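The next block holds one structure in the form of structure tokens; read it before the comments.
The values are calculated or read from the model by the stated rules, or taken from the named source; none is laboratory data. Only a predicted model underlies this, so the values are computations on that prediction, with no experimental measurement involved. Please note: Cβ atoms are built from the backbone with ideal geometry, for glycine as well, and neighbour counts cover all protein chains shown. Protein only, heavy atoms only, side chains kept; ligands, DNA and RNA dropped before computing areas. Shrake-Rupley method; radii C 1.70, N 1.55, O 1.52, S 1.80 Å.
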Amino acid sequence: MKEIFPTPPPLVHNQFEAVRKLFSKNVVPSYGRFDLALDHGAGSYVFDVAGKRYLDLGGGIAVNCLGHAHPAITDALVEQSKKLIHVSNLYFTEPQGRLAAEIVKRIGAGKVFFSNSGAEANEGLFKLARKFGHDEGRFEILTATNSFHGRTLAGIAATGQDKVKKGFEPMTPGFRHITFNDLAAARNAISPATVAIMIEGVQGEGGVTPATPEYLLGLRALCDEKKLLLLMDGVQCGHYRTGKFQSFQRILEDVAQASRLPQIKGAAGETPALLSFLPDGLSMAKSLGGGFPIGAFWVRTPFADLLGPGTHATTFGGTPLACAVALKILEVIAKEKLDENARKLGDWTLNELQRLAKSYPGVVKNARGFGFMLGLELFEKEKIPALAASDKSTAIQFTNQMHTAGVLVIPAGTQVIRLLPPLNLKPQEAAEGIFKIEEVVKSLA
Ligand SMILES: Cc1ncc(COP(=O)(O)O)c(C=O)c1O
């Protein structure tokens with residue numbers, strides 16, 4: 001492997017303690033990090049600085065959709081960087097236009113704005129909503145309890161979890177929380193100032209909780225009735241993770257089939273989308289760039305020109321480099337039918353996790369999710385004798401034990417373990433993951 005930066009002294013190169021020291025001295029300690037320093041990866045595996053191999057079922061928290069060091073991503077980065085990495089959004093570039101067209105094709109009639117991250121994509125949707133309601137004095141956005149929408153000031157105000165707000169008060173005004181999956185709560189919360197409702201199709205940080213079809217359809221009708229924008233945060237649950245491009249397409253597919261609602265084939269033939277349900281705005285990031293930073297929001301046609309020239313901008317939004325990578329990723333997903341892989345192998349994995357819930361009822365509470373967005377809910381540490389003595393939560397202790405077993409998983413809250421693996425995970429890798437998860441669960445039973 002070619003060295004990217006000058007070879008550091010061997011200590012830095014090989015030893016966890018030396019890397020940790022660099023961090024404790026120089027890096028703002030805003031993250032609770034695990035005792036792991038990762039060095040390189042290949043496919044579904046990553047290796048730490050000591051050379052230990054881990055099966056990466058966390059995928060960089062739903063980011064590395066093609067795994068690590070995928071040659072298609074490397075090629076796109078190299079080839080596009082030789083041509084054009086960045087120009088200002090004062091000018092047109094073909095990759096940005098083409099990527100927007102691919103996103104529109106997969107969701108529905110509308111337009112796309114490009115950002116750098118999920119939080120920034122959500123900020124754009126908040127501004128869209130404020131612009132929409134501005135002349136009527138409406139500005140308030142309702143979001144769900146247990147939601148997560150990013151760490152900017154508006155992001156933490158929008159997020160329905162106290163832990164992200166603590167210490168940063170006063171909160172940015174204009175956000176209130178409603179109970180997730182409770183339509184009556186949404187209706188009751190609407191005030192004359194309300195302009196939009198934002199939800200995740202599947203809550204990620206909140207513990208892998210999908211919206212019900214009734215909730216989605218009910219919110220759509222409610223928003224139409226009250227002249228509100230229905231906004232969806234697809235940052236974590238989007239990009240084929242559930243088996244469909246966006247989670248609402250997966251959540252509603254059974255409803256569509258059952259009631260034979262009109263459906264339309266995506267132009268590329270790969271994504272049948274429901275004609276009858278669309279949000280008004282949808283944010284994305286994470287897997288969109290497979291590890292290269294890019295975010296975006298899509299906005300439905302009637303509202304697509306609300307943010308006119310001069311109203312919204314970001315220097316790095318939709319660079320030719322980021323868009324070339326994102327376009328390549330969409331091409332690989334379509335060519336290799338990775339949406340089907342996420343659905344089939346994900347559903348197999350979910351079945352296996354549900355088997356664990358049945359076999360180890362003292363450790364595993366339940367398993368849920370769609371495709372490659374899965375959650376394994378464990379019991380509180382007080383109920384698992386092997387974990388009770390520690391001051392760390394069940395989720396953190398379990399994740400540490402998985403690291404020892406050579407698997408990366410992602411904790412959510414205090415009791416849920418998330419699996420967000422690459423969309424090209426192989427059956428034998430899923431089986432290895434289940435085997436090792438079962439080993440850890442068994443040791444706690
Ligand atoms: C649903 C959701 N929205 C927004 C964000 C924020 O995205 P970013 O960290 O890219 O700003 C996240 C990140 O985990 C997320 O899961």
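For the stretch 414-425, backbone phi angles converted through the Karplus equation (6.51, -1.76, 1.60; θ = phi - 60°) give residue-by-residue couplings of 9, 10, 10, 10, 9, 10, 9, x, x, 5, 9, 4 Hz, Gly and Pro being listed as x. Need the C-alpha centroid separation for the stretch 289-306 versus the stretch 204-222, integer Å. Computed from Cα coordinates, the inter-centre distance equals 21 Å. Using a cutoff of 8 angstrom between alpha carbon atoms and counting only pairs six or more residues apart, the relative contact order for the stretch 59-196 works out to 19 percent. Centre-to-centre separation between the Cα atoms of the stretch 416-445 and those of the stretch 137-203: 33 Å. In this structure the amide hydrogen of Ala367, modeled in the peptide plane, comes within under 5 Å of the amide hydrogens of Glu377, none closer than 5 places in sequence on its chain.
At an R0 of 25 angstrom, the distance between the Cβ atoms of Glu94 and Ala69 translates into a FRET efficiency of 0.40.
Looking at the square roots a ≥ b ≥ c of the eigenvalues of the Cα gyration tensor of the stretch 125-220, which shape do they give, rounded for a/c under 1.5, prolate if a/b is larger than b/c, or oblate? Oblate, since a/c reaches 1.5 and b/c is not below a/b. On the protein heavy atoms, probe 1.4 angstrom, tell me the percent of accessible surface of the stretch 327-445 carried by carbon and sulfur. The value for the stretch 327-445 is 55 percent carbon and sulfur by accessible area.
For the stretch 1-112, the convex hull drawn through the C-alpha positions has a volume of 193 cubic angstrom per residue. Kirkwood radius and radius of gyration were both taken over the C-alpha atoms of the stretch 97-172, and their ratio Rg/Rh is 1.04.
Between Ile294, Ile156, Ile199, the GNM of the chain built on Cα springs shorter than 10 angstrom shows Ile156 fluctuating the most.
Ellipsoid fit via the Cα gyration tensor, the chain: semi-axes of 33, 27, 23 Å, each the root of five times an eigenvalue, largest first. When only C-alpha pairs under 8 Å and at least 6 residues apart count, what is the relative contact order of the chain, in percent? Computed over the chain, the figure is 20 percent. For the residues Lys383, Lys105, Lys131, a GNM of the chain with alpha-carbon springs under 10 Å puts the largest fluctuation on Lys383.
Could you give the length gained by full extension between Asp162 and Lys52, i.e. 0.36 nm per residue of separation minus their alpha carbon distance, to one decimal place? Working it through step by step, the gained length comes to 35.9 nm. Here the gap between Ala221 and Val78, fully extended at 0.36 nm per residue and compared with their Cα-Cα distance, gives a gain of 46.8 nm.
The loop-placed trypsin sites (Lys or Arg not before Pro) in the stretch 166-243, going by DSSP, that have at most 12 neighbouring Cβ atoms within 10 Å of their Cβ come out as Lys166, Lys227.
Paramagnetic label reach from Ser359 (point 7 Å along Cα→Cβ; backbone nitrogen cut-off under 11 Å): within the stretch 185-212, no residues. The loop-placed GluC sites (Glu not before Pro) in the stretch 366-440, going by DSSP, that have at most 16 neighbouring Cβ atoms within 10 Å of their Cβ come out as Glu380. Note on Lys52: lysines with a C-alpha under 24 Å away, same-chain residues under 8 apart excluded, are Lys2, Lys21, Lys426, Lys436, Lys442.
Over the chain, give the accessible area per residue in Å² for a 1.4 Å probe, as an integer.
Values: 20290 Å² over 445 residues.
In whole numbers, the chain has 46 Å² accessible per residue.
What is the calculated FRET efficiency for Thr152 to Ala445, with r their C-beta to C-beta distance and R₀ = 45 Å, to the nearest 0.05? Once the sixth-power term is evaluated, E becomes 0.60.
The distance between label points at Lys392 and Thr404 comes to 0.9 nm (points 7 Å beyond Cα on the Cα→Cβ vector).
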